[in-house]
Every structure is written in structure tokens, then in C-alpha cells.
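**Student:** Pasting a structure below so you can have a look.
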Amino acid sequence: ANMDYRWNSLREAGFYDEKVRAQFIEKMKSTGIRNLRFGFSNHEMKRNNDGSWDQKAWRQADAMIFALVQAGFRLSLDLHH
């Protein structure tokens, strides 16, 4: 019942900010790493009372995926649980 313990490592790292994400991408590119396992916090993927999905978390995920794919990374996506 108490969800206060939930943690989002991407949010804590500032990855939802485009500038922080761009810096991360450049650092990863400089290492030569091109394959990334990338997980989203499933507790932020929520349904509305009418059964539809709350689009905010999905839009944020889409933006991150798009930026990484555009930068040339191959992604393995998962949901943190």
C-alpha cells in the first residue's frame, strides 16, 4: 500500500532532462559502447480509471528511446520491477 519506497534510477540520474541525456550519450559514444540494456520503472506506467494508459510516462520513455536509437545505440528494453 505504501509506494514511497519506489525508486527510478533514470529520474535520479537526471536522464529525463534532454541535456543530461545528451551528455550521457556523448560519454557512451566516446567509450565505444553501442549496445545498451535500458529499463524503465514499471511503477510509473499507470492506467487511468477508465482503463486507458496515462501517456506521460510512455512519452518520456519514447523520447529516451528515440534519442538513444538516433545516436546509433542498439537497445535491449525492459521494465524494472
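**Student:** If R0 is 25 Å, what FRET efficiency do you get for Ile33 and Gln55 from their C-beta distance, rounded to 0.05?
**Tutor:** After rounding, the FRET efficiency stands at 0.25.
**Student:** Report the one residue of Asn35, Gln55, Leu77 whose Cα lies farthest in the direction of the positive end of the charge dipole of the chain (charges on C-beta: Lys and Arg +1, Asp and Glu -1; origin at the Cα centre).
**Tutor:** Asn35
**Student:** Next question. Taking K and R as +1 and D and E as -1, what net charge do the other residues with C-beta under 12 Å from the C-beta of Ala63 add up to?
**Tutor:** Combined, the nearby Lys, Arg, Asp and Glu give 0.
**Student:** Ignoring ligands, DNA and RNA, what percent of the accessible area of region 33-81 is carbon or sulfur (1.4 Å)? Kindly include the intermediate steps, with their values, before the conclusion.
**Tutor:** Working: 1730 of 3410 Å².
Percent of accessible area from carbon and sulfur atoms in region 33-81: 51.
**Student:** Just flag the trypsin sites (Lys or Arg not before Pro) in region 13-65 sitting in loop per DSSP whose Cβ has no more than 10 other Cβ atoms within 10 Å.
**Tutor:** Passing sites in region 13-65 do not exist.
**Student:** Taking the Cβ of Arg47 as the centre, find all other residues whose Cβ is under 13 Å away and add up their charges (Lys, Arg: +1; Asp, Glu: -1).
**Tutor:** Result for the local shell: -1.
**Student:** Between Asn8 and Asn48, what is 0.36 nm times their sequence separation minus the Cα-Cα distance? Round to one decimal in nm. Intermediate results must be reported in sequence, preceding the final value.
**Tutor:** Working: separation 40, 0.36 × 40 = 14.40 nm, distance 2.05 nm.
Full-extension gain reported as 12.4 nm.
**Student:** Let me check against my output: what whole-number percent is the relative contact order of the chain, with C-alpha pairs under 8 Å and at least 6 apart?
**Tutor:** Dividing the mean separation by the residue count of the chain yields 37 percent.
**Student:** Considering lysine pairs in the chain that are 8 or more places apart or on different chains, how many have Cα atoms under 26 Å apart? Walk me through the numbers before you get to the answer.
**Tutor:** Numbers: Lys19/Lys27; Lys19/Lys29; Lys19/Lys56; Lys46/Lys56.
Lysine pairs, 8 or more places apart or on different chains, close enough: 4.
**Student:** Moving on to the next point. With a 1.4 Å probe and all protein chains kept in place, how much accessible area does Leu10 have, in Å² rounded to the nearest 10?
**Tutor:** Spelled out: Leu10, probe radius 1.4 Å, area about 20 Å².
The values are calculated or read from the model by the stated rules, or taken from the named source; none is laboratory data. Note that this is a predicted model, so its numbers are computed, not measured. For neighbour counting, all protein chains shown are included, and Cβ atoms are generated from backbone atoms with ideal geometry for every residue, glycine included. Note: areas computed on protein heavy atoms with side chains; ligands, DNA, RNA excluded. Shrake-Rupley method; radii C 1.70, N 1.55, O 1.52, S 1.80 Å.
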